[in-house]
Ligand SMILES: [Zn+2]
């Protein structure tokens with residue numbers, strides 16, 4: 001395991017180093033030494049400013065985006081600077097418009113530019129189905145899959161005692177109220193298959209015992225394209241328990 005990590009550092013170092021400083025792969029240096037050298041080099045690169053404070057600020061802000069580290073942020077900043085007219089100006093305008101117009105839907109918790117949101121006002125959706133998700137990202141993911149044509153309720157997270165997230169931090173009361181609306185017949189709990197996600201699902205289900213609504217949840221099991229040999233025991237066990245007629 002330690003050797004694998006060392007090899008990862010080595011690969012990163014070889015990629016970063018200039019031809020003059022690139023070490024020979026057969027030099028016989030112990031791998032952890034190379035890893036330490038690589039980390040020192042990355043740190044020194046980060047500490048050295050190569051541009052004015054305005055550009056460094058841009059890089060620093062971009063590096064806060066998910067999936068972008070300091071190096072990718074530098075690359076993205078440089079790309080934006082090179083494409084100032086074509087990309088940077090429209091992006092700035094789009095960001096400003098988003099700041100001015102984005103609102104949270106008071107009905108479902110979705111993010112949109114108007115309230116109620118596009119999903120809530122779409123008359124083609126089945127009003128009898130309410131899909132409960134933890135986050136707007138989950139709503140968008142389900143919409144990409146076109147899996148269900150119902151309406152949504154975004155909780156704003158999942159119950160997590162360790163992180164101090166309790167029922168009062170989520171929009172559970174609003175969900176219970178919506179579930180009691182006469183047109184709602186099914187509540188689909190589309191929550192993460194994690195301890196927090198399933199704890200939240202159980203918590204909601206207990207509150208809905210008296211409601212005239214069918215409560216379902218997403219199936220747990222073999223992913224599409226998954227190979228059994230690579231699945232963990234918990235997933236395989238859940239898939240076996242929830243087997244369906246073929
Ligand atoms: Zn909405």
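Laboratory data are not the source of any read-out in this text; all were calculated from the coordinates shown. Keep in mind that this is a model prediction, so the values were computed, not measured.
Laid out as a table, the results:
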{"item": "Euclidean distance between Cα centres, segment 74-117 to segment 216-246, Å", "result": "39 Å"}
{"item": "Angstrom value of the Kirkwood radius, inverse mean 1/r, which spans all Cα pairs in segment 60-101", "result": "11.0 Å"}
{"item": "Residue-span extension gain [residue 97 to residue 194] - 0.36 nm each, minus C-alpha spacing", "result": "31.3 nm"}
{"item": "Reduced Cα scattering model of segment 151-191, Debye log10 I(q)/I(0), q = 0.32 Å⁻¹", "result": "-1.18"}
{"item": "Convex hull of Cα atoms in segment 111-241, direction-averaged projection (nm²)", "result": "9.5 nm²"}
{"item": "Linear extension gain, residue 216 paired with residue 126, 0.36 nm per residue minus alpha-carbon span", "result": "30.8 nm"}
